[in-house]
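Heads up: the structure comes next, in structure tokens.
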Amino acid sequence: MIDVMAIVGPTASGKTALGIELAKAFNGEIINGDSMQIYRDMSIGTAKVKEDEMAGVPHHLLDIKDPEEPFSVAEYQQLVRDKISEIKQSGKLPIIVGGTGLYIQAVLFDYRFSESQVDEELRNKLYGELEKSGPEHMHEKLLKLDPEIDIHPNNTRRVIRSLEIILGSEQKVDRTLALKPMYNELIVGIDMPRPLLYERIDRRVDVMIEEGLLEEVQSLRNRGIKDVQSIQAIGYKEIYAYMDGKVEFGRAIELLKKNSRNYAKRQLTYFRNKLPVFWIDGRSGSRDNIENIRQIMQENDRGRRIELIGEQKSEQGK
């Protein structure tokens, strides 16, 4: 019996719609798996599900933080594990839907965080490397360690801080436990040919502009919100740059589309390298996908499901 399902995939691949269809098919409730959709008043730029799209399916952990508030993977882990227990106790299937791979991995596997003192030697070494090699080098170093992370290369303070965390400073992850499952989980990934995915991403950006992304960002700026974690998200930082007079409007939209495509590539890399994902074709109809997922859910032995996923990856590599 599956305890938890997760629907993952790159941005604009159709996770929201599939998650709702699966929740209706399997008596489920949806838990947000996107690190930016937890913020209030940031709906258009994060492609947050609309009320009329939910089809009566309960959605959890949307709009739980103000944009000025910080949010960590450790906090997310605890919130979602509590919500999983609550949903299971009600006799429903918890379905995590989103594209933030590290957050989903931290929930489903034994990802532990422990406090320790800042490693001043490591910090000094990283800042020395920054001075010698420059911001782009440090950003590339960070992306090699965490392909999904979304920090601008010029935000050197956050780049260095993220490197500290990953390399073993204040929040140290015991990576020997990072793939030990906490649940009898099934992770379903949506994939599609890159040209189609990129076309969908570009169209999504156009729709965001039509739906009022500029007005949403202007509202945040009018509240004095800047230089915070939430505004570094793709879709906000590019429009902020335009409104701050740093780039022209057309260039800001080009950057938004380019950054979204690059993020999609990093998402796919993370899911393929870090998680046991059962991939489905995003071009297929929801009925076919639901039947495929129903079949894999019937594989009650987790080892057998992992074997099937391994066979699938082997086929993809040919």
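Worth pointing out:
- Screening Tyr242 with (1) among the hydroxyl-bearing types (Ser, Thr, Tyr); (2) touching a Phe, Trp or Tyr at 6+ places or on another chain (Cβ under 8 Å); (3) open to solvent by less than 20 Å² (accessible area, probe 1.4 Å) gives one miss only, at (3).
- Count of the range 9-19 residues, restricted to those that are assigned to a helix (DSSP H, G or I), open to solvent by 10 Å² or more (accessible area, probe 1.4 Å) and either under 12 Å from Met54 (Cα atoms) or of a type in the set (Val, Ile, Thr) (or both), is 3.
- Verdict on Leu214 being part of a helix (DSSP H, G or I), farther than 30 Å from Pro94 by Cα and either modelled with pLDDT of 95 or more or more than 20 Å from the chain's Cα centre (by Cα) (or both): yes
- Pairs are defined by a Cβ separation below 8 Å, a sequence spacing of at least 6 or placement on different chains, a first member in the range 112-125 that is surrounded by 13 or more Cβ atoms within 10 Å (Cβ to Cβ), and a second member that is at pLDDT 80 or above and part of a helix (DSSP H, G or I); the pairs so defined are Phe113/Val73; Phe113/Ala74; Phe113/Gln77; Asp119/Glu164; Leu122/Glu164; Arg123/Ile160; Arg123/Glu164.
- Annotation note: Cβ proximity below 8 Å between a residue of the range 171-196 that is modelled with pLDDT under 90 and a residue that is surrounded by fewer than 13 Cβ atoms within 10 Å (Cβ to Cβ) (sequence gap 6+ or interchain) occurs for Gln171/Ser114; Gln171/Glu115; Lys172/Ser114; Lys172/Ser116; Asp174/Ser114.
- In the range 25-34 there is at least one residue matching the filter, namely being surrounded by 15 or more Cβ atoms within 10 Å (Cβ to Cβ) and assigned to a loop (DSSP other than H, G, I, E, B).
- Scanning the range 44-59 for residues that are surrounded by fewer than 19 Cβ atoms within 10 Å (Cβ to Cβ) and outside any loop (DSSP other than H, G, I, E, B) yields a count of 3.
- Test: residue in the range 253-272 that is touching a helix residue (DSSP H, G or I) at 6+ places or on another chain (Cβ under 6 Å), surrounded by fewer than 16 Cβ atoms within 10 Å (Cβ to Cβ) and at negative phi: no
- In the range 218-245, the residues that are at pLDDT 95 or above, basic (Lys, Arg) and part of a loop (DSSP other than H, G, I, E, B): Arg223
- With respect to the conditions (1) open to solvent by 60 Å² or more (accessible area, probe 1.4 Å); (2) closer than 22 Å to Gln267 by Cβ; (3) without any contact (Cβ under 8 Å) to a residue 60 or more places away in the chain, Gln89 lacks only one, and its number is (2).
- The single residue among Asp66, Asp41 that is surrounded by fewer than 17 Cβ atoms within 10 Å (Cβ to Cβ), on the phi > 0 side of the Ramachandran plot and of a type outside the set (Val, Ile, Thr) turns out to be Asp41.
- Selection status of Gln78, more than 25 Å from Ile209 (Cβ to Cβ) and either basic (Lys, Arg) or free of Cβ contacts under 8 Å to residues at least 24 places away in the same chain (or both): yes
- Per-region count, the range 179-204, residues within 18 Å of the chain's Cα centre (by Cα) and open to solvent by less than 50 Å² (accessible area, probe 1.4 Å): 10
- The set of residues in the range 99-115 that are at pLDDT below 90 and of a type in the set (Gly, Ala, Ser) contains only Ser114.
The values are calculated or read from the model by the stated rules, or taken from the named source; none is laboratory data. Given the structure is predicted, the values throughout are model-derived calculations rather than measurements. Don't worry about glycine lacking a Cβ; one is built from the backbone with ideal geometry, like all the others, and counts go over all protein chains shown. The protein model used for the area step is the full one, side chains on, heavy atoms only, and it has no ligands, DNA or RNA in it. Shrake-Rupley method; radii C 1.70, N 1.55, O 1.52, S 1.80 Å.
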